[in-house]
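One structure is given below, encoded as structure tokens.
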Amino acid sequence: MKNVYNFKQATPHAPSCDLPLNISTISFTLVMQLSADRVWMLPYHCDRWGHDHPISVVIFSDSDADSMKEKVMLQGCSAQQLTVQTVKKSKYDPKGTDYPVNILRNLALSVVKTSHVVYVDVDFWPASNLYSTLSQMKVKGRFTSDPYLAVVIPAFQMNRQCQEMKDCREASIPIMPVDKASLFALLKTRNAAFFDYRNYGGHSSTKYHTWKDQEAGAFVEPCIRSNRYEPYLAIRYCSDLPPFQEGFTGYGKNKMTWVMQLRRRGYLFSQLGGTFLIHYPHMHSKSRKEFDKRPNLTDADVLKESTPDESEHPLNLHKKSKDYLQDETKQGRLQKENKQDFHQENMKKGSHQESTKQQSNQIIKTKQKFVKSSSNNTKWSSQQKQNKKTKIHNSRQLSEEKAKEKKVKSVNPLKANKRAQVDLLFIKFRKWLDESIKDESRTQMCSNAQDDDQKLVVSS
């Protein structure tokens, strides 16, 4: 099994970042990863990006790469410019809930031949002028002068165009904006918005209000409002570029950790004017649904005690508290038995004050009853003993089953809850980042930056 804590600093197989560039050698590859059910989107990327410009995609499918490429070519993509690789779904995610997103991203990057890449997810479609805007002389000039320039491409989202909970392509595709004018038309009617505007951290650092008046090819440098910032970037593909950390799978923190590492490594974030990405309003994936499952109150209490340190693992703490409760129960039972014995002793002392005659009569009656029913009592006593043994056995069995049930419940929050799993991995990653990479940030946090630890379901 792969070590999810084996974080990487660089991309050693890529060209050196020290190699000099000039404007004529700068070009861009559109890089994407996708699941097989979204292959239908690729022809729209080919049209918008341009059939003469390279695209590298990795498809998560058990089908072979050649058959997948042929399928996309039949819909209009160029055989010369399109590179397709596949990763087997049956190997990495047979249940469909733990999509290996960063493995796919790194694989798509590994075959790039151009100086720079534009990384997007397949559900973010480029404006039709994205390549031409990046190719402006003044934009290429910025890339030439700074190998650690990370160009932010503002992302927007379009509203769902049908009431039913389904993918309504026939209504959505025709109005997907291709340029600034068509985007503004949707914004004015509130059919589009800044991407993920309900999630303050995700894209809020992008200066959307500045962008609407920003000239094509002009740059604006933002500050970072949240460590959860995860813009889509145009960036140089070279050996110092951090890879996507492959321990992050499925939904959650798989791209924001890459952006955090870029910033700490010294990449300068600069927002590009005049172009954009638009998100297609699809249904939530299985990975997203799995991530959205929050721990219940009991699980959350366990999780808040957790740290990445195994010696302080919440399951160990839970075990200690369970043993303590068992000891308390035993003590209570002993105290109760002692009280019963004490009460019986007092009753015996009181009986000495009765008359001798009453005692004699009672003894005679008792003997008579005993003689009459001795055989029946012997049978009843034997039955009582057997019933008592059965009761004790059943009680022990029930206790063992309950103990197993509690153990399963205490393990599930960390091992089965995806959000908790991701947050624990993120805490490990952040510690590694602080200890392993010198802080050379050129893009600073905003003065009103958000405290992102409040969003974690485990304590840091």
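The values are calculated or read from the model by the stated rules, or taken from the named source; none is laboratory data. Worth saying up front: this structure is predicted, and the values here are computed from it rather than measured. Glycine also receives a Cβ, built like all others from the backbone with ideal geometry; neighbour counts cover every protein chain displayed. To get the accessible areas, we keep the full protein, side chains included, count just its heavy atoms, and leave off ligands, DNA and RNA. Shrake-Rupley method; radii C 1.70, N 1.55, O 1.52, S 1.80 Å.
Counting Lys and Arg as +1 and Asp and Glu as -1 over every other residue whose Cβ lies under 11 Å from the Cβ of Lys207, the net charge comes to 0.
Note the direction-averaged projected area, equal to a quarter of the hull surface, for the Cα convex hull of the range 178-250, in nm².
Its Cα hull, projected and averaged over all orientations, spans 7.2 nm².
Note on Lys207: accessible area is roughly 80 Å² with a 1.4 Å probe, heavy atoms of protein only.
For the residues Tyr197, Tyr92, Tyr280, a 1.4 Å probe over the protein chains yields an accessible-area ranking, largest first, of Tyr197, Tyr92, Tyr280. For the range 47-119, the Kirkwood estimate of the hydrodynamic radius, built from every pair of different alpha carbons, is 13.2 Å.
In this structure, the amide hydrogen of Gln33, modeled 1.01 Å from its nitrogen in the peptide plane, lies closer than 5 angstrom to those of Val58, Val122, counting only residues at least 5 positions away or on a different chain. In this view, the solvent-accessible surface of Cys168, computed with a 1.4 Å probe and all protein chains in place, comes to about 0 Å².
Accessible surface ranking for Ser172, Ser110, Ser239, 1.4 angstrom probe, highest first: Ser110, Ser239, Ser172. In this structure the amide hydrogen of Phe269, modeled in the peptide plane, comes within under 5 Å of the amide hydrogens of Ala150, Thr443, none closer than 5 places in sequence on its chain. The translational diffusion coefficient of the range 14-172, from Stokes-Einstein at 4 °C and 1.567 mPa s with a Kirkwood hydrodynamic radius over alpha carbon pairs, comes to 76 µm²/s.
Would you mind telling me the share, in percent, of accessible area of the range 1-127 contributed by carbon and sulfur at probe 1.4 angstrom?
In the range 1-127, the share of accessible area belonging to carbon and sulfur is 53 percent.
Remark: the range 419-460 carries 55 Å² of accessible area per residue (probe radius 1.4 Å; ligands, DNA and RNA excluded). Backbone amide hydrogens, once placed in the peptide plane, bring Thr86 within less than 5 Å of Ile59, Ala65, excluding anything fewer than 5 places away on its chain. Shown are His53, His13, whose ranking by accessible area with a 1.4 Å probe and every protein chain present, most to least, is His13, His53.
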